[in-house]
1. Looking at this structure, is residue 76 over 34 Å from the mean Cα position of the chain (by Cα) and assigned to a helix (DSSP H, G or I)?
2. In segment 10-25, is there at least one residue being part of a helix (DSSP H, G or I), among the charged types (D, E, K, R) and surrounded by 10 or more Cβ atoms within 10 Å (Cβ to Cβ)?
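The numbers here are math on the coordinates, done by the rules we state, and not lab data. For clarity, every value in this text was computed on a predicted model and none was experimentally measured. All Cβ positions, glycine included, derive from the backbone under ideal geometry; neighbour counts span all protein chains shown.
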Amino acid sequence: MLKLYALVFVIGIIGIFGYGAKYYYDTTQATIGTLKENNAKLETAVDTAEQSVATLQQDMVKLGNLNKELTGALQKAEAYGDELRTKLTKLNLVVEALKDSKQLEGKMNGASADLWRGLMEESGNTNQYPDPQWLLQLPTSTGSQSSNSSGEGTDTDSSQAETTPTQ
């Protein structure tokens, strides 16, 4: 009978070791499967992060170029502002207004209309609008001088204002 108990005991030990080995194998395979899934997710995340970094670097280059352009435009605008300040310090508008107010009014109206047209162009508005009523009013004196130094449209006489039909 002792042999029978010993045989049952050995078979039990072998069964326990076999069951333990199977359990270890199953849990190891499940862990390996989970790790493979996580690895695939991490590779996707790394690829996405690398693409994001590349996109950010391209955007930084674009922003740098735009910043250079804006800096150049700002310098030009500041130079133009300095030029205008210099011109305004040379002008004595009070004396000019007392001498010939209608001529000054024509110059101011023409310059305002040119500024308005420039703003409309710069904002992308390509529609042609007629000149405003205040520009179309005829002054009693015709002034043909302009404070516009660019040479474009130097005639700012409000009686000579150009009008374009509305579209």
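1. Here the answer is no, as residue 76 does not meet what is asked.
2. Taking segment 10-25 as the starting set, the residues that turn out to be part of a helix (DSSP H, G or I) are 10-25.
The next check asks that each one be among the charged types (D, E, K, R); those that pass are 22.
Filter again for surrounded by 10 or more Cβ atoms within 10 Å (Cβ to Cβ), leaving 22.
Yes, segment 10-25 contains a residue that is part of a helix (DSSP H, G or I), among the charged types (D, E, K, R) and surrounded by 10 or more Cβ atoms within 10 Å (Cβ to Cβ).
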